[in-house]
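S.K.: Before we start, here is the structure in question, set down as structure tokens.
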2 protein chains.
Amino acid sequence: MANITKKVSWSSRADESGAVGEGTPLLNGSEQRRLSRQPSEGGSIFQIGRLSTVDLEEEITSEEDSLAGRPKEIPHNEKLLSLKYESLDYDNIENQLFLEEERRMSHMGFRCLEISRWVVCGLIGFLTGLIACFIDIVVEELAGFKYQVVKENIEKFTEVGGLSISLLLWAVLNSAIVMVGAIIVAFFEPIAAGSGIPQIKCYLNGIKIPRVVRLKTLLVKVFGVICSVVGGLAVGKEGPMIHSGAVVAAGVSQGRSTSLKRDFKIFEYFRRDTEKRDFVSAGAAAGVSAAFGAPVGGVLFSLEEGASFWNQMLTWRIFFASMISTFTLNFFLSVYHQKPGDLSNPGLINFGRFQGDSVAYNLYEIPLFIAMGAIGGLLGALFNVLNYWLTIFRIRYVHRPCLQMMEAMLVAAVTATVSFTMIYFSNDCQPLGPEHTEEYPLQLFCADGEYNSMATAFFNTPERSVRSLFHNQPGTYNPLTLGLFTLTYFFLACWTYGLAVSAGVFIPSLLIGAAWGRLCGILLASITSTSSIWADPGKYALIGAAAQLGGIVRMTLSLTVIMVEATGNVTYGLPIMLVLMTAKIVGDYFVEGLYDIHIKLQSVPFLHWEAPATSHWLTAREVMSSPVTCLNRIEKVGKIVDTLSNTSTNHNGFPVVVQVSGNDEPAKLCGLILRSQLIVLLKHKVFVELARSRLTQRKLQLKDFRDAYPRFPPIQSIHVSQDERECMMDLTEFMNPTPYTVPQDTSLPRVFKLFRALGLRHLVVVDDENRVIGLVTRKDLARYHLGKHGLEELQLAQT
Amino acid sequence: MANITKKVSWSSRADESGAVGEGTPLLNGSEQRRLSRQPSEGGSIFQIGRLSTVDLEEEITSEEDSLAGRPKEIPHNEKLLSLKYESLDYDNIENQLFLEEERRMSHMGFRCLEISRWVVCGLIGFLTGLIACFIDIVVEELAGFKYQVVKENIEKFTEVGGLSISLLLWAVLNSAIVMVGAIIVAFFEPIAAGSGIPQIKCYLNGIKIPRVVRLKTLLVKVFGVICSVVGGLAVGKEGPMIHSGAVVAAGVSQGRSTSLKRDFKIFEYFRRDTEKRDFVSAGAAAGVSAAFGAPVGGVLFSLEEGASFWNQMLTWRIFFASMISTFTLNFFLSVYHQKPGDLSNPGLINFGRFQGDSVAYNLYEIPLFIAMGAIGGLLGALFNVLNYWLTIFRIRYVHRPCLQMMEAMLVAAVTATVSFTMIYFSNDCQPLGPEHTEEYPLQLFCADGEYNSMATAFFNTPERSVRSLFHNQPGTYNPLTLGLFTLTYFFLACWTYGLAVSAGVFIPSLLIGAAWGRLCGILLASITSTSSIWADPGKYALIGAAAQLGGIVRMTLSLTVIMVEATGNVTYGLPIMLVLMTAKIVGDYFVEGLYDIHIKLQSVPFLHWEAPATSHWLTAREVMSSPVTCLNRIEKVGKIVDTLSNTSTNHNGFPVVVQVSGNDEPAKLCGLILRSQLIVLLKHKVFVELARSRLTQRKLQLKDFRDAYPRFPPIQSIHVSQDERECMMDLTEFMNPTPYTVPQDTSLPRVFKLFRALGLRHLVVVDDENRVIGLVTRKDLARYHLGKHGLEELQLAQT
């Protein structure tokens, strides 16, 4: 098994290139991998290769390299938990260096820090808003150009015949644009595929996902999403904004860019996981805020996904970033629309204003809304199941970049063809009013002064289509048009999500829902012909949109708020909430939400809010990994190097122990040290003997650790001579002297609560004399989940 | 000192009546009170008696009793921390009994529990909505009746002269109504005074405040608030809704009422602090939701004040309760207003709809808004400082119920007189339009077809006045009227808050702010006479209201959302947020928020979000209380009784230790047991000898603990014979075997984070061999706070 996993796993790649560490023998005998737990030792082989949305390989540089060693068909299993992912360290390492720095800092110093946190959040909001603005304007200009060209072409050929040339033009144009988007994603930065929401969810949950917050990812994301939307795919530009905001936050808060090799020497205090994650929360919120004009929704999104511990000041800062982001977008868009200062375009998507008496709802409509919620839940579950199968298919057969690119082009061509066919064969002509809102009214075979109604839905950016469905006068669409549109768009959107392009699923979901919701409204109005006021189709379109979106993504409180903020009217708060709840309950009965499905397919060790309810019979003893590789407080350099070089274990945290008396009594816990810290110590050769001989040696400072963060070099890149191997290292000053511990009899829910509430990475299990018994990490807790038949345990896999 | 504190403190009262425990000698020699830390040992005596809003005495039954022993002038000091308050136990006691029960429970059982949680939340929402509805209707009817009577009287005497009779009628009527309200509050349930928000904040923070969630409190609160509002005080009926919702939640979730002596034998699983506090969060949210029609704001309020750990399912349930509450209120009010099914009255206060183009704001107005926020912050700080001094005066001199009643009546009479004088001397006559919105237009000395504009502001319930200020046409009020109104109402409201009546401060704040905000709008429009559209006075009234409210209460994110939801329009989100933020920053520079001031004046050990920034140099060793009274795993009954009876310590949690070998080695920690558990054990006489001799004795179950919750009997009521004192008790089964511990070198921020994130009550400090060194409780952490000159330490007081 080891042979095969080597081809795809991160740790084995490091091993291959690790010529430096070659000479170091594996001395430490206490290493026994917990993999022996796996019943599938010699049997079936589970591994996950290059997946569609989250790519796991850290350092692939050339394409040949990544293709060479990959088996043709990659089996997968969502009942696995990948060992490849590391946790973020949300717990401060309160070692002596840190405490000294904190103690030296004055009251004023803390105040300055606080102010710079606000400044950073303001910057995050501003830049995120700018990016959203850029995407919006470029998409609008390019899409406008494209539709104009195609429209003129269609109009030219409508009368003379030969519309197939128009179709060809449209399909080729779309495919070409999508190809560009797919190439940059598939070949340069596969992690930029999809909406990015699952990745950000994982990051906020505390999982380190390689390359997810890099500048390159941001660039690919931004240009990728422009290409997908302009290319006419059934996608939205909103989801990627959340990812973009997160990247901006990670970049700005660190005050440097490793990609650009620039260090601005600012915000150095924030160079650790704790602070960085807080800022990334703010960035994600700013992204939501820019996308939907929903600052409160953004804050709630970040908190729902990320917050392990609600902190009021943090919440305020997140809110500030969100507000600035909306405001920036708003302002620049108002300038672009030549109405400077008119701040009424709060987000990328704007549902328009629901006003007047026709929008009020009545008590007897509540059951109707709930029924629509149930439909949304069912359709959402269907969508998710179809997409699940599709994703598995993609993982197995469409994992090469060129295949991915071709699939994306195929989808683009098919989308154009289907749209064209639908428009061509529909004969739903509507009169073109004097102040019509349609951007590109297609006349086609309609009489003069009329336009093809099906074309409004297809021949437009999805955002505009949603708005038309919400606000157009009753009678604008006929039921058949809406029904056909729902059907085709449903499958197109389902096929599109998961392609190797940057794209969101929010808008397609809303569009599908708005279409069938409006259909419901029209049908209801036609059944009870007495009053057509109450069944305002726009209102039902909104409810349908909420139901469909809720059925697919299953986000909860934040989604309600986002929808309410996007409609700009709180009147619909209650019905939207009821609909979303119904959709969630119905949908959850069948299958999980779309994002959760994709997270599960990546075997990410995602921690939910609570331990499974029926897990009280498990204790820390059964859950923990043991035996643990411990280090002594004063340890031989050779042993440390060997421990770190041991690729079969690849541990990241090591309890530091102290021997009390003699060898027979086990050692007592006195601290915890991380691999990254040891690497820095080794790199700077902080050895006891050196300190004695060369008095000039500089004392290691916190700054050295911060400079190395977050891309610590691998152990193989550090050269340690044979002489140095005999030196000793004193870890006292650098280890965290007060790691959180639990007794071995602690029940799993209790361990889980401690771990989750404090955002830990390592939790030491001790006996009643404070001796190290085991170590609990994220994987040990994420393994247990509640299945159909009670508590289930996922298997761990070295992929 | 002990002698004097005995007169007012809870523990000493128990001691006086504790004839049963008299014979028990104080054996345990290890008791040394941490009070010796207090430098004021023999010097100044700090104590807090019957305070205005939070009454601390548990069992006062007769008035004489409470009056007799009280010194005439009670000194106070907000640099004290009362030892009287206990923490709630948000940490589950995972003892053997609990784990057995959990392990017996099937997957289905947990699902049923979850469903019943939802049912309880639904009930909470429904009942809270009903109460809000009841208050609203009764206030509307009674106030309508009162204003009708006075109006007729005034109209009668306007022409014949002798308006002083009208004044007298008005003043007497108001005073009489307020007297009733003050009597029930001051004599029957002093904790029902005020808005109740500080008390609920404390409860959600994890502090046990006696009697705060009892049925009697609810009744007094509801009738008290009706009397205050009808009595024409400068108060609102919104704040008390939050308290009411919390009481409803505590009552419903326990499935019984101790006041009514009814036990419905349902929801027994929820009879512990953990579950109860979750439901109280939901109740508070439902209260906010009913008061302001702001379900999302309610959820955020609960989370901001209460959540130590964000849990998604809990948040959903809270949201559900909020929604049901708004919906119930909405529905019943629609029936009352004879428009059944029209769900457009979401809350008690309704700001009306801001619609149309005139509400849009422009970029250049942002600085104006910020300036208004600063004014709001200044005025708010002034309000708070005045109220602070007033409260201190009240604590010192106005602590007898009859004095409190008389003060309330005086305020009522003065309010009526001032209002009357203002109306009388104003000559701001406005034409009475055909579709005028004024409920009680007073003609007075105006021409026919006109009405006195000052009267609209004073001669009305405050809610209506706010709405008039927001929505009346430009030109309805003249600047002088508004200026005078602001001035008088400011001082009236300031005087009123803190009276012994149930009343909220939200509406008065909004009213003051709306008045000066509208004034600002008018002045701005008159300065730049070119365009009167942009300075729509209603818009500026809204901004002013937000600024003033923010300046006084300083609630943050939730307040923004509440304001946005109450206006029913998200357009104002950004300006409201900017205004609230400015108001908070400016206000915080001078003085804390009103609720925080009142909490501080009660010396409540309130835990903030984080430890003070500069407290890294403190460690658990310096913070903890020691020595700790420990119990052995198998302990003599006599010792337990003596420990519990020791009134000088009154500990609530006892580490359980086990002696390893011989006496010389200190004992190791093996668990933690609570006073309440020991009391139940003693009551059921769970002694080892008894178990051996009488085999029939029933095994103690979790149910026995739940039945005793939350009013555990005092130790004095439990009779233990001399024979029984020699028996042994085995605590193994009942203690929490895995209490959270920290090493003694842990820094204060780290201890704080653990304590706060998990909602602990006791945190055991151990050495590196797991021996008990000390115990950290809430008071030990709340003592440290950041003052003007760096870290300050509050003193502890036995009051």
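The values are calculated or read from the model by the stated rules, or taken from the named source; none is laboratory data. Because the structure is a prediction, the values reported are computed rather than measured. No Cβ is skipped: glycine too gets one built from the backbone with ideal geometry, and neighbour counts run over all protein chains shown. To get the accessible areas, we keep the full protein, side chains included, count just its heavy atoms, and leave off ligands, DNA and RNA. Shrake-Rupley method; radii C 1.70, N 1.55, O 1.52, S 1.80 Å.
S.K.: Restricting to the range A:451-476, and then to whatever is of a type in the set (A, V, I, L, M) and without any contact (Cβ under 8 Å) to a residue 60 or more places away in the chain, can you tell me which residue is nearest to A:M563 (Cα to Cα)?
M.R.: Going residue by residue through the range A:451-476, those that are of a type in the set (A, V, I, L, M) are A:454-455, A:457, A:466, A:469.
Going one step further and asking which of them are without any contact (Cβ under 8 Å) to a residue 60 or more places away in the chain, we end up with A:454-455, A:457.
Numbers: A:M454: 26, A:A455: 26, A:A457: 21 Å.
Ranking the candidates gives A:A457 first.
S.K.: Next question, about the same structure. Say we look at the range A:486-510 and pick out the residues that are hydroxyl-bearing (S, T, Y) and surrounded by 21 or more Cβ atoms within 10 Å (Cβ to Cβ); which of these is nearest to A:C520 (Cα to Cα)? Let's see the steps before the verdict.
M.R.: Taking the range A:486-510 and keeping what is hydroxyl-bearing (S, T, Y), we get A:486, A:488-489, A:496-497, A:502, A:509.
Keeping just the survivors that are surrounded by 21 or more Cβ atoms within 10 Å (Cβ to Cβ) gives A:486, A:489, A:496-497, A:502, A:509.
Details: A:T486: 12, A:Y489: 17, A:T496: 26, A:Y497: 26, A:S502: 32, A:S509: 16 Å.
Result: A:T486.
S.K.: Follow-up question, since we're still on this one. Which of the residues belonging to the range B:257-272 are open to solvent by 10 Å² or more (accessible area, probe 1.4 Å) and part of a helix (DSSP H, G or I)?
M.R.: So the first thing to find is which residues in the range B:257-272 are open to solvent by 10 Å² or more (accessible area, probe 1.4 Å), and the list is B:257-269, B:272.
Matches in the range B:257-272: B:E268, B:Y269.
S.K.: Restricting attention to the range B:615-625, does a residue exist that is at pLDDT 85 or above, among the hydroxyl-bearing types (S, T, Y) and in a strand (DSSP E or B)?
M.R.: yes
S.K.: Can you name the residue in the range B:311-325 that is in a helix (DSSP H, G or I) and within 7 Å of chain A (Cβ to nearest Cβ) and, of all such residues, is modelled with the highest pLDDT?
M.R.: Of all residues in the range B:311-325, those in a helix (DSSP H, G or I) come to B:312-325.
From what's left, within 7 Å of chain A (Cβ to nearest Cβ): B:312-313, B:315-316, B:319, B:323.
Numbers: B:Q312: 77, B:M313: 82, B:T315: 86, B:W316: 84, B:F319: 89, B:M323: 86.
Per the stated criteria, the residue is B:F319.
S.K.: Taking the conditions exactly as written (at pLDDT 80 or above, assigned to a helix (DSSP H, G or I), in contact with a Pro (Cβ under 6 Å, 6 or more places away or on another chain) and away from chain B (no Cβ under 14 Å)), does A:K703 satisfy them or not?
M.R.: On the way: at pLDDT 80 or above: yes; assigned to a helix (DSSP H, G or I): yes; in contact with a Pro (Cβ under 6 Å, 6 or more places away or on another chain): no; away from chain B (no Cβ under 14 Å): yes.
Taking the combined requirement at face value, the residue does not satisfy it.
S.K.: Pull out all pairs, ordered by first then second residue, where Cβ-Cβ is under 8 Å, the residues are six or more apart or on different chains, the first lies in the range A:735-755 and is without any contact (Cβ under 8 Å) to a residue 40 or more places away in the chain, and the second is of a type in the set (D, E, K, R) and assigned to a loop (DSSP other than H, G, I, E, B).
M.R.: A:R750/B:E94
S.K.: Further question: Hey, could you check the range B:574-590 for residues that are open to solvent by 10 Å² or more (accessible area, probe 1.4 Å) and within 14 Å of chain A (Cβ to nearest Cβ) and say which is modelled with the lowest pLDDT? If you could, list the steps in order and put the result at the bottom.
M.R.: Step one: of the range B:574-590, the residues open to solvent by 10 Å² or more (accessible area, probe 1.4 Å) are B:574, B:578, B:581-582, B:584-586, B:588-590.
If we keep only those that are within 14 Å of chain A (Cβ to nearest Cβ) as well, we get B:574, B:578, B:581-582, B:584-585, B:588-589.
Working: B:L574: 78, B:L578: 86, B:M581: 87, B:T582: 91, B:K584: 91, B:I585: 89, B:D588: 90, B:Y589: 90.
Here the residue is B:L574.
S.K.: On to the next question. In this structure, does A:G144 turn out to be open to solvent by less than 40 Å² (accessible area, probe 1.4 Å), modelled with pLDDT under 90 and within 17 Å of A:G287 (Cα to Cα)?
M.R.: Details: open to solvent by less than 40 Å² (accessible area, probe 1.4 Å): yes; modelled with pLDDT under 90: yes; within 17 Å of A:G287 (Cα to Cα): no.
The answer is no for A:G144.
S.K.: Something else: How many residues are under 12 Å from the mean Cα position of the chain (by Cα) and either surrounded by fewer than 24 Cβ atoms within 10 Å (Cβ to Cβ) or of a type in the set (A, V, I, L, M) (or both) if we restrict to the range B:212-239?
M.R.: Restricting attention to the range B:212-239, the residues satisfying the condition of being under 12 Å from the mean Cα position of the chain (by Cα) are B:212-213, B:239.
Those left that are additionally either surrounded by fewer than 24 Cβ atoms within 10 Å (Cβ to Cβ) or of a type in the set (A, V, I, L, M) (or both): B:212-213.
Qualifying residue count for the region: 2.
S.K.: When residues of the range A:89-117 are filtered for being touching a strand residue (DSSP E or B) at 6+ places or on another chain (Cβ under 8 Å), open to solvent by 40 Å² or more (accessible area, probe 1.4 Å) and at the interface with chain B (Cβ under 9 Å from one of its Cβ atoms), how many remain?
M.R.: The qualifying residues number 1.
S.K.: Hey, among A:T456, A:T486, A:T560, which residue is touching a Leu at 6+ places or on another chain (Cβ under 9 Å), at negative phi and within 14 Å of chain B (Cβ to nearest Cβ)? Working first, answer last.
M.R.: Values: A:T456 fails: within 14 Å of chain B (Cβ to nearest Cβ); A:T486 fails: within 14 Å of chain B (Cβ to nearest Cβ).
Just a single option satisfies the conditions, and that option is A:T560.
S.K.: Follow-up. Condition first: outside any helix (DSSP H, G or I) and surrounded by fewer than 21 Cβ atoms within 10 Å (Cβ to Cβ). Can you find one or more residues in the range A:475-485 that meet it?
M.R.: Just the residues of the range A:475-485 that are outside any helix (DSSP H, G or I), to begin with: A:475-478.
Those still in the list that are surrounded by fewer than 21 Cβ atoms within 10 Å (Cβ to Cβ) too: A:475, A:478.
Scanning the range A:475-485, I find at least one residue that is outside any helix (DSSP H, G or I) and surrounded by fewer than 21 Cβ atoms within 10 Å (Cβ to Cβ), so the answer is yes.
S.K.: Answer yes or no as to whether A:I599 is more than 14 Å from chain B (Cβ to nearest Cβ), at pLDDT below 90 and assigned to a helix (DSSP H, G or I). If you could, list the steps in order and put the result at the bottom.
M.R.: Details: more than 14 Å from chain B (Cβ to nearest Cβ): yes; at pLDDT below 90: yes; assigned to a helix (DSSP H, G or I): yes.
Yes: the conditions hold for A:I599.
S.K.: Within the range A:187-202, which residues are within 15 Å of the chain's Cα centre (by Cα) and open to solvent by 10 Å² or more (accessible area, probe 1.4 Å)? Write out each step before concluding.
M.R.: Looking only at the range A:187-202, we keep the residues that are within 15 Å of the chain's Cα centre (by Cα), and these are A:189-202.
Within the range A:187-202, A:P190, A:K201 qualify.
S.K.: How about the range B:712-799: which helices (runs of 4 or more DSSP H) wholly inside it have at least 2 residues that are under 30 Å from B:E100 (Cα atoms), open to solvent by less than 20 Å² (accessible area, probe 1.4 Å) and within 13 Å of another protein chain (Cβ to nearest Cβ)? Step through it out loud before you land on a result.
M.R.: Values: elements: B:722-725, B:748-758, B:778-782.
Because the criterion is at least 2 residues that are under 30 Å from B:E100 (Cα atoms), open to solvent by less than 20 Å² (accessible area, probe 1.4 Å) and within 13 Å of another protein chain (Cβ to nearest Cβ), the helices (runs of 4 or more DSSP H) in the range B:712-799 that meet it are B:748-758.
S.K.: For the range A:547-557, which positions are open to solvent by less than 10 Å² (accessible area, probe 1.4 Å) and more than 9 Å from chain B (Cβ to nearest Cβ)? Walk me through it before giving the result.
M.R.: From the range A:547-557, those open to solvent by less than 10 Å² (accessible area, probe 1.4 Å) are A:547-553, A:556-557; that's our starting set.
Answer for the range A:547-557, where residues must be open to solvent by less than 10 Å² (accessible area, probe 1.4 Å) and more than 9 Å from chain B (Cβ to nearest Cβ): A:A547, A:Q548, A:L549, A:G550, A:G551, A:I552, A:V553.
S.K.: Let me ask something else about it. Out of the residues in the range A:273-305 meeting the condition of being within 12 Å of another protein chain (Cβ to nearest Cβ) and surrounded by fewer than 24 Cβ atoms within 10 Å (Cβ to Cβ), tell me which one is nearest to the chain's Cα centre (by Cα).
M.R.: That would be A:E305.
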